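The values are calculated or read from the model by the stated rules, or taken from the named source; none is laboratory data. Keep in mind the model is a prediction, meaning the values are calculated, not measured. Cβ placement follows ideal geometry from the backbone for every residue including glycine, while neighbour counts extend to all protein chains displayed. The accessibility values were calculated without ligands, DNA or RNA, using every heavy atom of the protein model including side chains. Shrake-Rupley method; radii C 1.70, N 1.55, O 1.52, S 1.80 Å.
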Amino acid sequence: MAYLLEEHRPMPLAVDTKHTYLGNGDVFVGRALAIRFATRDEAETKRAKLPNPDNWIIVEA
């Protein structure tokens, strides 16, 4: 199982269903190009190093 970091935008009236994920070089990419972490701990460590860690959630791929 792999884990991805998905951007979480809390917008009450958002109808956009497009999600963005963390890619190489800390860029926003689609799911197919997202970095896959082998363990949840790896994903948590990377999320903690991001400028706004609360804007990211960990999802299973």
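Listed by first and then second residue, the pairs linking a residue in the stretch 22-38 that is within 11 Å of residue 7 (Cβ to Cβ) to a residue that is surrounded by 12 or more Cβ atoms within 10 Å (Cβ to Cβ) and among the hydroxyl-bearing types (Ser, Thr, Tyr), with Cβ atoms under 6 Å apart and 6 or more places separating them unless they lie on different chains, are 28/20; 29/21; 34/21. Checking each residue in the stretch 22-61 for being modelled with pLDDT of 90 or more and among the aromatic types (Phe, Trp, Tyr) picks out 37, 56.
Only one of 43, 48 is open to solvent by less than 30 Å² (accessible area, probe 1.4 Å) and assigned to a helix (DSSP H, G or I). Can you tell me which? Of 43, 48, the one residue that is open to solvent by less than 30 Å² (accessible area, probe 1.4 Å) and assigned to a helix (DSSP H, G or I) is 43.
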